[in-house]
Amino acid sequence: MALSARIEGPYLFRKFGLYEALERKKLELRARIESLAEHDFEDTEALATELIETFSVAAVFIDRPKIELIEQREVARRVDDYGRHIQISAQEFVIGVPFVGDPGLFGAQASTQSMSPPQGEVRDTWLLVSAIVFTDGSPGVRELVDRELDKIEEHLTWVRNDLKGYAAALPGLIQNGIRQRRDILEVNRKRVSELGRPIRAAATPAVGVPRAGAVRVTSTTAAAPADSLAYDLFISHASEDKRSFCPIARGRADLRGSARVV
């Protein structure tokens, strides 16, 4: 029974949408710029360079001439033979090709897509393609791997095309963001200067301002001795209140002789 070879491994370029990921990076860039303080603008050129390096996305390029055979082993695979599932021996060839760029882009789905994405696995700076060859080995493993690498390069081209727009817009986004942030800080500085008072450091306690949650009770008279305390009770004119509180007041008056009932 002659079986054709096939590629095995996780599908590439299917983990996340590239457009949504780039929009999130723009939001992260905006948040970073909005967190800048006045001292961060001492060298705006160095600041812009730093932001470009931080928020740029390095496109991926594979180096096909440096392809290597990483591993070869005997494997058993379950195949469908006209409705029957049988176990068959095969050879697996793990081919590695080095690349440069952001490895996360192998999971990015570009605006141009394919219904048959390539398969492979990313390890460090290597892309691994696993080819399974059955029985007669037709087609050859090199032909199979080249076919899969062609699909991978096609998808990488689509990803790079989408990255071009982001890369072209990034410097302008940074320059505009820096200018707007400096304008906001300048307006805030002028508002503070209009008060004619420096901003107090957060760690310095304000004079006469109690701590949050603190309650302070002061008295302008000395505390009276315990045996000279007087009790003032107010009884409302409602008849039901008088019935309830007058006995209490009389009891206090008998006890201290100093209560006044109103």
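The table that follows gives values for the structure above.
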| read-out | value |
| --- | --- |
| Furthest towards positive pole of dipole, Ala31, Ala48, Pro98, structure part region 1-137, Cβ charges | Pro98 |
| GluC sites (Glu not before Pro) lying in DSSP loop within region 20-119, provided at most 15 other Cβ fall within 10 Å | Glu42 |
| Hz values of 3J(HN,Hα) by residue in region 75-86 - Karplus curve (6.51, -1.76, 1.60), Gly and Pro given as x | 9, 10, 10, 8, 10, 9, 10, 6, x, 9, 8, 10 |
| Reach of Lys15 by Cα under 24 Å, taken over lysines that are not fewer than 8 positions away in the same chain | Lys25, Lys26, Lys151, Lys164 |
| Built amide H within the under 5 Å cut-off of Val57, gap 5+ | none |
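We did not get these values from a lab; they are worked out from the coordinates using the rules stated. Here the structure is a predicted model, which is why all the values come from computation and not from measurement. Cβ atoms come from the backbone with ideal geometry, glycine included; neighbour counts cover every protein chain shown.
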